[in-house]
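Here the structure is laid out as structure tokens; the discussion comes afterwards.
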Amino acid sequence: MAHTPSNMLPLGTKAPDFKLMDTITDENTTLDDCKGLKATLIMFICNHCPFVKHVNTEIVRMSKDFKSKGINFIAISSNDVEKHPEDAPHRMKETAKNEGYIFPYLYDASQLVAKSYKAACTPDFYLFDDQLSLVYRVQLDDSRPGNGKPVNGSDIRNALNALLDNASICQEQNPSIGCNIKWKPEEI
């Protein structure tokens, strides 16, 4: 299992816009359609990654805890489904249902959205404020498959609560670690 870190997109970066298919509804949606009133957490995830499987329950719990507070979650999968068919849209829909996702699970077939966010791994997290300015980008918490630490979402929960309280978010941020995004071969 690869251990790829986040690229650490610079804080203050404006969220790149997108229009992608939501595999849950089978309809195209945009960032503007999905953003939260107070904040938006964009997550690059996929179905097969053991790091994502390790944190899925906490992601769902966290999304339920913060939705009523004006924070929306958006999940995006950008993996090459030719080489990883388990990440295909119909399988994404199954995963969303089985895991109880209450947020859109978008399919980035072109991989251009992942590239615009400089996403590197699954899971990769980006927290944007109400103006869609990046305020946090990194790990969910210190837990990783097999390290024995509890999955509690502490790093992102702390950032979300600070944002809601109009407090400063810690600028010392640790990169997320996960499987690398499965990029399509470069066309010549």
Complete set of residues in the range 68-114 that are small (Gly, Ala, Ser) and out of contact with any helix residue (DSSP H, G or I) (no Cβ under 6 Å at 6 or more places or on another chain): 68, 70, 75, 88, 96, 109, 110, 114
Failed item in (1) surrounded by 14 or more Cβ atoms within 10 Å (Cβ to Cβ); (2) of a type outside the set (D, E, K, R); (3) without any contact (Cβ under 8 Å) to a residue 24 or more places away in the chain, with residue 147 passing the rest: (1)
Qualifying positions in the range 150-168 - touching a residue at least 40 places away in the same chain (Cβ under 8 Å), more than 17 Å from residue 44 (Cα to Cα) and in contact with a helix residue (DSSP H, G or I) (Cβ under 9 Å, 6 or more places away or on another chain): 151, 152, 157, 160, 164
Subset of the range 45-80 (residues that are surrounded by fewer than 21 Cβ atoms within 10 Å (Cβ to Cβ) and in a loop (DSSP other than H, G, I, E, B)): 48, 68, 69, 70, 80
Scan of the range 153-170 for residues that are surrounded by 15 or more Cβ atoms within 10 Å (Cβ to Cβ) and in a loop (DSSP other than H, G, I, E, B), ordered by number: 153, 169
Failed item in (1) farther than 17 Å from residue 122 by Cα; (2) more than 15 Å from the chain's Cα centre (by Cα), with residue 34 passing the rest: (2)
Selection count, the range 121-138, where residues are at pLDDT below 95 and not in a strand (DSSP E or B): 0
Test: residue in the range 171-188 that is under 15 Å from residue 62 (Cβ atoms) and surrounded by fewer than 16 Cβ atoms within 10 Å (Cβ to Cβ): no
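The values are calculated or read from the model by the stated rules, or taken from the named source; none is laboratory data. Worth saying up front: this structure is predicted, and the values here are computed from it rather than measured. Neighbour counts run over all protein chains shown; Cβ positions are idealised from the backbone, glycine included.
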